[in-house]
Structures are given as C-alpha cells and as structure tokens.
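The values are calculated or read from the model by the stated rules, or taken from the named source; none is laboratory data. What you see is a predicted model, and the numbers here were worked out from it, not measured in a lab. When we count neighbours, we look across all protein chains shown, and the Cβ atoms used for this are built from the backbone with ideal geometry, even at glycine. These accessible areas exclude ligands, DNA and RNA; they are computed on the full protein's heavy atoms, side chains included. Shrake-Rupley method; radii C 1.70, N 1.55, O 1.52, S 1.80 Å.
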Amino acid sequence: MSQRFKNIDYIGIVLWLFRAAIVVIVVWGTVSKLFLGQGNAYTATDWIDFLVAGLAQGSLYALIALGYTLVYGVLFMINFAHGEFLMSGTMTATIFVALPLSASGFLDANPILGMLIIMVVAMLVSVGVALLTERVAYRPLRRAPRLVPLITAIGASFFWQYFFRGLYGSALVPFPELEVLKGEWAVFGIAVLKTRAVVMVASVIMLIGLYVFIMRTKTGTAIRAVAEDKDIAALMGIDVDRTISITFATGAAMAGAAGILYGMVFRQVHFFMGFVPGIKAFTAAVLGGIGSIPGAALGGLFLGLFESVGPPLFLEGLGIPGAHQLKDVIAFTMLVLVLIFRPQGIVGERLAEKKA
Amino acid sequence: MSSQLDLRNAARVGLLAGVVTLGISAVGMLESFDTRDLIVGLLTLGQLVLFSAPFFAGYRVTLGEGKSDVGPAAVGGVVAGALTAVPPIALILLTLAAPNIRNSLVNVSPELISLLSLGASEVVGSLLLLVVMAVLGVAGAMFHILPDAIRKPLVSGLGWMLGFAILSEVSLNILRPVLGRGLMRALFGTKGITPLLAAIIFVAAIGLTIWWSKNGKQRYESRKAAMSEAQIKQSRRVSIGVGIVSLLILPIILGTYLTEVVDNVGLFILMGMGLNIVVGFAGLLDLGYVAFFAIGAYVMGILTSQGALGIGHMSFWLALPIAVGTAVLAGVTLGIPVLRMRGDYLAIVTLGFGEIIRVLATSDLLKPYIGGAQGILQIGKPTIFGFEMVKPIHFYYLILAGVGLAVFVASRLRDARLGRQWMALREDEDVAEAMGIHLVSTKLLAFGIGAAFSGLAGAIFSARLSSIFPHSFNLLISINVLSLIIVGGIGSLPGVVVGALVLVGLPELLREFAEYRMLLYGALLIAMMIARPEGLWPSPVTKREFHAAEEEEAMGGAQ
Amino acid sequence: MALLEATNVTKQFGGLTAVNDFTFTVEKGAIDSIIGPNGAGKTTFFNCITGFYQFEEGAIVFDGHSVNGRSTDQITRMGISRTYQNIRLFSQMTTIENILVGMEPQLHTSWIGALFRLPPTVKEETKALNEARRLLDFVGLTGKGDDLSRNLSYGDQRRLEIARALAAKPKLLLLDEPTAGMNPRESAETTEFIRRLRDELGITILLIEHDMRVVMGISENITVLDYGAKIAEGGPSDIQSNPRVIEAYLGRGAAASATIEIES
C-alpha cells in the first residue's frame, strides 16, 4: 500500500475530496439542524414518524431489490425492466380485482382473504410478464456481449411501461382503502400507521420465506448452482434455462407483492409507478452487495431510512428550501458513493469484478 | 419435403400474429392509426396494420425450404389467417359479455370494435373478420409462391405506393407551392393520397421495376464498368457537390413546417454524434446524456435571457462557447467518479446523474436561479450582422453547421490515434491499459467531447424555443438518443443520421405515432438487438461486432 | 547484468497463496522459461510483473527501476510487453490497428493535432503506419493488415499478439504459452521465431510454456514453480533429470518412466 503514494494518484485524490465533501455536508447539516435549530422544528414524534416511514419504504425497496439481486447473481445482468414487472402485476390486479372487490364490499368484509387474492393475482401477472420478457427478449441474447442484454432490458422497460399505459390509460388509478387499516396501532408505545405496520410485517415474512426457498429447497440450490457456474451446473444435470426462468419468476413474484403493498401505502397506482422504485431498489441491491439476499434486505432498509430521515435532518440543516424534493438526489448520491468506494456493498463479495 | 405442410407451425404463426394484433388494438394504436388515411376512401393506416397481420402470417407459413405447392400453401394460409382473427374476435366478444370493459381497458372503444368487426355488428363482424383474414392469409401464402418475375414488380409497386402514402405530408408540403390548387386536390387528401395518385405511383413503380430488370440494370452496369478511374473520381466529386448543394437548398424546398421537423431531427443528430463517441467509439454506456443537453440549454438561457432570471444579457455567440464549455466541464466532472466503473454499473450511475440534474432543475433549491418548474423565458435569439435568426429556416443553417462540425470532429478523431485508443478501450479495457493507453485521459476525452455536442445542441435548442422548462430534459431524451444510435448502427456516423430520421423524423410526420413512440422504441430496441444488432447503416467495422461474439462462443465450445 | 529481478515476491488471494516467496532473475539477452503444473502461479507471476496484480510482499526491479505499485501502462512504457494465455486481441479492430495500438508508448501527438491534421501528427502517423507494416512483414502477416483480427487463423492471432507486443519496442517480452493449441509444425516455427526475436531484435524473452519440446529446445534457464513456490532452477538438462520436478508433474512414483515422456 505504501508504494501507492509514490505515484500520485490524482483521481484518487479527487475521489477522496468528494468523499470528504459529502461527510462534511452531512455532519455540518446534522449539527446545524440538531444544535442550531435550522429549518422546521420537529418533535420527537415527528422523528419517529420519519424513522417508521423510512423503514416501511425500505422494506418495500428490499422486496423489489431481491429481483435485481437474484437475476444479477445468475446472469450478471441488470434487469432494467424489473420495475415494470412490479407495475404490470399491480396495475392489473388493482384494476381487475381490487376495485371490483372493493366496490362489491367483499374486500372490507374479508380483508385478509381479499388482500391475499389481490396479491396472488398481482404476483401471477408479474411472473407472466417476467417469463415472457425473459423468453422473448433476454434468452436469445444470453451469449451476447454484456451491453446488448442491458440495451434490450431498457427496451423492455419502456415497452411495458407504454404498453400498460395504452392498456389502462395514463391516469392515476386509486387503490382501495381498507376500513380495517385506517388509523394507527400502538407498538411499544409508538403510534404506527396500520398500513406501514402491515407492509413491514408482510415484507419480513416474504424475505424470510425467500431466504428459506433459496437456501433450503432443491430449486433454490439449483439457482445457486447456476449462479456459481452455468456450464458446470448444466453438467450436473440442472436445466439452466428453466432455472433462469424460475429465478426471474421468483423475483417478479416478490415485485408483484411489493407493488400491492406499495399501492396500499400510497393508495394509487399508475403506469410509471415501477420505474423510480425500480431504480431505487437497484441502488438498494448494490448498497447491500448485489448477489446477496440478506444484502438486498439490509440495503433496502438502509436506503429507505436515509431517504426518509436525510432531507429533514441534514438537508434542512443546510438551509435548503424544499428539502424533501431532493430525496432522489440522496438515493443516487448514495449509489455513486457505494460504487466508487465499496463496490462489494455492505455485505457480499465483489461480484462485479468476477466477470470482468 | 418442401411441399409438406406444417400445420402446427401455421397455427403458431397465426396465433402469434393474432396476439400482436390484439395487443396493438388494446393499447389503442389501431384506432389511432385508423384516423390516418393512406389512400383516401380506400385504406387507412389502421386498416393497413390490421390486414398486414394475416397477410404476413400466411406469408411466413410458406417460408421455409424452397417454394411450396399451391395446395398445402393455401391450407397453411387459411389456418394462419383464420387464427390471426381469433384473438381480435375474442376481444369483440368480450365487449359483448362485459360492456363496461372500457372502464378498465380505456382504449377498447366502440370505434375500435367497429373497426375490428369491419363495420358490421359484433357477431356478424366477427365472422366477417374471420373470413377476410383467412382469405388474406391465403393471399399472403400465394404471394410467397408467386414467381419472382411477378412478385418483385408487385412488391415495389405496393411498397412505393404505401411508402408515398405514409409520407404524403412530405410531398404535399414540397409540391404545394409548385402545383395548382386543383391538381393538388386531385392528388392529395387532407391526409394521405387520392386513389388516382396511388394508381399512378403503383403503375409507374411496376413499369420501372420491369424495365429495370429487363433492360436498365444491364445498361447501368455496363456504363459503370466502362468508366475510367478519372471519370469515377469525377462522378464522385459531382455527387458530393450535389449533396452539399441539396443540403443547402433543402429548407427552401421543404417549406416552414417540414423545416421545423428537420431542425428537430438535426438537434437529435447533433446529440447522437456526441453520444456515439461515448457509447459507439469508447463503449461507455451513458444513460444520463440529457444532463449535458440541459446544462447547455440552461447556461444559454440564463446568459441571454431578457427576462427576470437573465444575467449578463449576452449575445448568443458570446454565450455559446460558455454554454458548451460548461457542458464539457460537467461531462469531465461527472466522468471522474465513474472512471473505474464498467458496463452496466456505469449505465445506472449515469442514469442517476441525469435524474439528479432533472430533480435539481425542478427543485426549490435552484429556483431563484433557474426558475424551477416555471423555467426560463425570453431567451435571446442569435443574430448575424444585425440579422436576427427567428425562423426555422435560419436555425436550419445553424444546426446544419453544428452537425457538420460534429461529423468533422467525430470522423477525424475516429481515424486518429485517439479513435484507436477509444476502440481499444471498448474492446478490452485491461489490455488497452497494458498497451500503454492512459485510461483516465482517454475516457475523460470521450465524456468531454460527447458532452460538448450535447451542450451545443442544448444551447441551440433553448435559443430556438426562446423558453425552456425542466420537463423537457427528462430521461426519455437520453433513451431517444441512445435508441437512435443503436437503430442506426453503433459507432456509425451515417447510422446516426439514419437513426434520427427514422426515430425522430418519422414520428413527427406521423403524429398518430407520437403517443406510441416509446412503446415502439422499446420494441424496436429489443428487435434490433436480437435480429440486427449492427443497426440499419452499420459502419464497416461494427458490422461484424455483435454477431462476432456468438461465433466465438461456438468456437470456444468446439475446442 | 540482470534485466529483471524479483525478490521474495508473494501474492495472495484471500487464503490462497498463489505466488510464495519467489525470487527470480532474468539476465539481459536471455531466453528463459517458467514451467510448472496448472495453477502453479506462473500467470499470476506475469500479472505481478506487468502490474495487473499488486503483490503483498517482495520487490520486482526492472532495468534498475522498481515496478511495485505502478500501473500497467506505466510498466509497459518502462519496456515490458506481454502476450496472453487466452489470446486477447482487440477483436473488432483490424490487424494493423491492433499493432498501432501496441505502438502507443512511441506516440506523443495529441488529438488536437489529429483534428486539424497538423504536420507533426501526420508525420508521426505515417511513420507509425510504416513501422506497423514492417512488423506485419516481420511476423509473416503480410496482406492481412486490413482483416479484422478476430477473422485471423489461430496461429495468425498468436503472431499478431506478438507483433502487437513488439510494437511497443520492449526490452523484455513476456510470452504466456505462445504455442498453446498449436500442432508440432507450428510449434517448431514459433520456437524458431522466438529465437529470431532475441537474435535479430535483441529482446530478452521470458516465457511460460507447457510444451516441453519448446521449453527444452529454446530456454537457457528454466525455473519450475509448484504451488507458487520455486522448486527447481537450472539448464534444460538439469531440469529434465530433477526428481522433484518430475514428481510435481506426475506425482510420486512416476519419476522413472516420466523422463521418457519429456524427451519424446
């Protein structure tokens, strides 16, 4: 290491300055917020609210991030269209199942069964769209140079976005509000919006379920084997194409479920709803260490928290007007920082270089 | 073997065509295309699309080894054509079963259903559609087994006629000042061409094709073969001269409306030339390219605006180098953090940069300086010797000069040492570095020069529109530019022009396309990558680029 | 005088020690070889010399200058060129473009000169092109300069890779299995060609090779690596009869019959 300093690394210096600047901004902003009272005055309840909102948002990111991580682990490809898998299932289930069920009163009469039906439909549609995309757009290009499938994925993303826009229109579609989920629950003395609590619990259950599926079942083992080495896995009698399809399907199912939870929290769905959460979830996957399932979960929570707490904490502290508008900037800055300084993410190995 | 009938294949092709038809019906494309006449009173664009499906399904069925016999081909055609009709018929019947379906599927309108059921009632129309499509399937199959001597003239007759009808607006705008009112009315409808003109073009194209294959081709080739070296040079010089002159007089021929379209295309060519350096030459996939376009536009806007936000009140020409310089600076600055990233990570991070710029542009943080969502107004127009450039035709020459500069820079650098460095970088970054190439400067030069053209395009864009708003600088612009260089041919300079004409020019002329532009881009990107990754007009070297990897894999497996 | 001197070089990947306390010298004007079983750390050592890997311990000194901590492009400019075990040409560039890229250390004019076709740039490019043509002739690829390098035959690709390495005017040329995948006739040609490189161009050569006929026929000094450590060193005849070497290659007990195989 000491040798490195003999040849001055200018880019390294610039990057170090960049890192230092970010640290200074965050620290300065935080200090002036907490001790100098910059910006709005928040009570303790407000801060807890930010935290809970961040955790709920983060668990959604975690669910979506799984799809990126699984596919990246197997194909070393960023599935740009993953957010559209989410959108397709959620919109379809909202329009064809949730709204009619809500209108007929079934949903409020049987909230758990109703939500399960909606979720299953969303997952099925997402899986269908994912399988179709994989079969038509990705499979023929499995041996192509790396940029080619990425470009196809971008194409697929826009194709589905505007296909569903054509199908369902560009208006916002309201997601039905459940009577039982109005209001708050007190958890350990903290008031938590019921929807947020449900989102967190559902996400944790699904994350654990997925982890068990990947680690304990035969199919999960096949997925891990294909991720390790496709050719060897094929020699071992694993149907690689089928396993890759299952990987896509699994990720898409999680995305479909996440989409319904998303609809529950924000109470509206639209054709563009998959795009930004998709990119954010990718950020979360990278943050946690792409290819790792616990990493995706951790990265998602981390990103959600940062996005939620960051603007009121250090951005307002800097005296920035309309700080909440800049939460996307925080997310993308974090992505850049992670990729520069710790490409292997919080946990997880450095998969990025394995293929290079 | 060749005369054997593969019914399963016929069924598959037919159903696939049917599902595609269903898709374009359900998203509203068909109905929207139906408002566009091709041949007045005879054929709309919607009908063309609808009827092409069974025709091509039938055509595909007979595709295979050699020519089929008439009998099996006809059966295959009937099956494929009839099955094409099944999914649309299902949609028609669905509307009978669930009249409220439009609440969910917003584009399944009575107009669409009436179009699909050929104007008849639902049930009768369904049967009618089935029969018509089956007949068209047979026609497609028969068309394929026609002898070449008949088929080729027919193809060119139909092709020219439909092509002319689709682009009727171009000829309409060019010919309007030349031809008289009565003649115009005889040849053109408000949209599309009249049956008279269609017949004229059809007959003329067939006649010319027959003459060409019988006589003309031979004559042309013998004359070409007889040319001496000097004559060839001479004729090349003449054609270059003709090309330049026609570029110069183009806006005068085209008229105001078409010139505006060409201006738009030109701005995209300019951006495409820049992105082509980054993506095509150096292999760095940049999805945040719109950022530099935005920076160029905003700098120009702030420096020349006469409105409240303007500072400096500079002239266009003084602000131009500052705008381009700022874009270059931004390109290099944003390039530094991504220097060590490769491929897909680079793509996502640059996409993030693009989004950051867009968010900042709309944010309250920068609102006092760049106006937030209200944008910047009253941006100054360029003047030359006291002459103010306001009309599309003036900007045409400005953009033409910019594109000329971009082509000059890109082609010179491509053939020079820097171009080789970029290509080596694209091919194998590690080995390129081991050859003694300085990665940092090579990459930053690509980002910087690429950003320069985007900034230039942005500066001209803001002067042309006089006002800019943050929503003009969204991700879709980046995707647009990326799509056009991929469709044209990655790394190919003429490809950029072709790509821009097809992806930017065509949708402007066919406004019915506008709403489905991104949908078609998406499908086009996928189709191009699978079927023709080298693009419409590949550069000689990239031609083998992407197909190459597959061969390599095959070879690797054999060893 | 030693051109390349490696002292106690150690390179680890996680828990795996790929090169272990390796000390090694190459004399100026020599043709030396490193041999060893698969995974012995030969290519890793090449990667340490050329800066692809940063090694943890030890020092490598080339021509009086340390290469520790330098990047690959700096090391190439110091005068070390290499070829790769699995050919790594710029496959979508033509043969002559590949050689021109190899010439980078000799080129100095900037892109601005290229933009305006300034006389110094034009002169340098012309000179480079002539030099590239000369190299093309030297390695026997005349007439194939405008073919895409991926379309060349396997043997031609190997030759082109050497030409590209030569274009940098190296003092030391590292060849990683130059005859891999060649038939006996091509191997013999390549061996002869390597000798010419030293005799006609005065380039010192260090090669990794599996083909014992090539190694024994050409090397002046052979170093044997096993599990990252040096197990033997000496002239071809010493190595052939060294029991530790035979053991490393074929396992204990096979020593007696193995000498025959190596000689055949």
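Quick grid of which residues meet (1) over 22 Å from the mean Cα position of the chain (by Cα); (2) in a loop (DSSP other than H, G, I, E, B); (3) surrounded by 14 or more Cβ atoms within 10 Å (Cβ to Cβ); (4) not assigned by TED's automatic domain parsing to the domain that holds B:Ile206:
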residue	(1), (2), (3), (4)
B:Leu154	yes, no, yes, no
B:Gly157	yes, no, yes, no
B:Met161	no, no, yes, no
B:Ala165	no, no, yes, no
B:Val170	no, no, yes, no
B:Val178	yes, yes, no, no
B:Leu183	yes, no, no, no
B:Ala186	yes, no, no, no
B:Thr190	yes, yes, no, no
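For region B:388-408, does any single residue satisfy the condition of being charged (D, E, K, R) and within 14 Å of chain C (Cβ to nearest Cβ)? Looking for residues that are charged (D, E, K, R) and within 14 Å of chain C (Cβ to nearest Cβ), one finds none in region B:388-408, hence no. Taking the criterion of being modelled with pLDDT of 85 or more, open to solvent by 20 Å² or more (accessible area, probe 1.4 Å) and more than 12 Å from the chain's Cα centre (by Cα), the residues of region A:294-326 that qualify are A:Pro294, A:Leu305, A:Phe306, A:Ser308, A:Val309. Considering region B:352-387, the residues that are touching a residue at least 24 places away in the same chain (Cβ under 8 Å) and of a type in the set (Lys, Arg) include one that is nearest to the other protein chains (Cβ to nearest Cβ), namely B:Arg358. The residues of region C:78-92 that are at the interface with chain B (Cβ under 9 Å from one of its Cβ atoms) and at pLDDT below 90, listed by number, are C:Ser91, C:Gln92.
Here's the yes/no breakdown for (1) assigned to a helix (DSSP H, G or I); (2) among the polar types (S, T, N, Q); (3) within 30 Å of B:Ser104 (Cβ to Cβ); (4) touching a Lys or Arg at 6+ places or on another chain (Cβ under 8 Å):
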residue	(1), (2), (3), (4)
A:Asp241	yes, no, no, yes
A:Phe248	yes, no, yes, no
A:Ala255	yes, no, yes, no
A:Gly263	yes, no, yes, no
A:Gly278	yes, no, yes, no
A:Leu298	yes, no, no, no
A:Phe314	yes, no, no, yes
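Residues in region C:146-167 that are assigned to a loop (DSSP other than H, G, I, E, B) and open to solvent by 10 Å² or more (accessible area, probe 1.4 Å) were compared, and the one that is farthest from B:Met435 (Cα to Cα) is C:Ser153.
Considering (1) open to solvent by 20 Å² or more (accessible area, probe 1.4 Å); (2) on the phi > 0 side of the Ramachandran plot, the lone condition that A:Gly169 does not fulfil carries the number (1). Of the set (1) over 17 Å from B:Arg412 (Cα atoms); (2) open to solvent by less than 10 Å² (accessible area, probe 1.4 Å), all apply to C:Glu131 but (2). Here the condition is being closer than 30 Å to B:Leu45 by Cα, open to solvent by 20 Å² or more (accessible area, probe 1.4 Å) and of a type in the set (A, V, I, L, M); of B:Leu196, B:Leu248, it holds for B:Leu196 alone.
Checked across region A:218-232, the condition of being hydroxyl-bearing (Ser, Thr, Tyr), under 30 Å from A:Met264 (Cα atoms) and in a helix (DSSP H, G or I) holds for no residue. Has region B:305-319 got any residue that is surrounded by 16 or more Cβ atoms within 10 Å (Cβ to Cβ) and either without any contact (Cβ under 8 Å) to a residue 24 or more places away in the chain or within 14 Å of chain A (Cβ to nearest Cβ) (or both)? Within region B:305-319, none of the residues are surrounded by 16 or more Cβ atoms within 10 Å (Cβ to Cβ) and either without any contact (Cβ under 8 Å) to a residue 24 or more places away in the chain or within 14 Å of chain A (Cβ to nearest Cβ) (or both).
Per-residue answers, yes or no, for (1) part of a helix (DSSP H, G or I); (2) among the hydrophobic types (A, V, I, L, M, F, W, C); (3) at negative phi; (4) at pLDDT 90 or above:
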position	(1), (2), (3), (4)
B:Ser2	no, no, yes, no
B:Ala10	yes, yes, yes, no
B:Ala53	yes, yes, yes, yes
B:Leu63	no, yes, yes, no
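In region A:168-185, the condition of being without any contact (Cβ under 8 Å) to a residue 40 or more places away in the chain and in a helix (DSSP H, G or I) is met by no residue.
The number of residues in region C:95-114 that are in a helix (DSSP H, G or I), more than 7 Å from chain B (Cβ to nearest Cβ) and small (Gly, Ala, Ser) comes to 1.
For region C:1-94, which fully contained strands (runs of 3 or more DSSP E) count at least 3 residues that are aliphatic (A, V, I, L, M) and buried (at least 20 other Cβ atoms within 10 Å of the Cβ)? Before you say what the answer is, go through the steps one by one.
Values: elements: C:2-13, C:16-27, C:31-35, C:57-62, C:80-82.
Those strands (runs of 3 or more DSSP E) span C:2-13, C:16-27, C:31-35.
Taken over region B:481-515, residues that are open to solvent by 10 Å² or more (accessible area, probe 1.4 Å), within 14 Å of chain A (Cβ to nearest Cβ) and either hydroxyl-bearing (Ser, Thr, Tyr) or more than 9 Å from the chain's Cα centre (by Cα) (or both) amount to 5. Considering every residue within region B:87-105, establish whether at least one is away from every other protein chain (no Cβ under 14 Å), under 32 Å from the mean Cα position of the chain (by Cα) and open to solvent by less than 20 Å² (accessible area, probe 1.4 Å). Yes: one or more hits.
Answer with yes or no whether A:Ile48 is of a type outside the set (S, T, N, Q), open to solvent by 10 Å² or more (accessible area, probe 1.4 Å), touching a strand residue (DSSP E or B) at 6+ places or on another chain (Cβ under 8 Å) and assigned to a helix (DSSP H, G or I). Walk me through it before giving the result.
On the way: of a type outside the set (S, T, N, Q): yes; open to solvent by 10 Å² or more (accessible area, probe 1.4 Å): yes; touching a strand residue (DSSP E or B) at 6+ places or on another chain (Cβ under 8 Å): yes; assigned to a helix (DSSP H, G or I): yes.
So A:Ile48 fits the description; yes.
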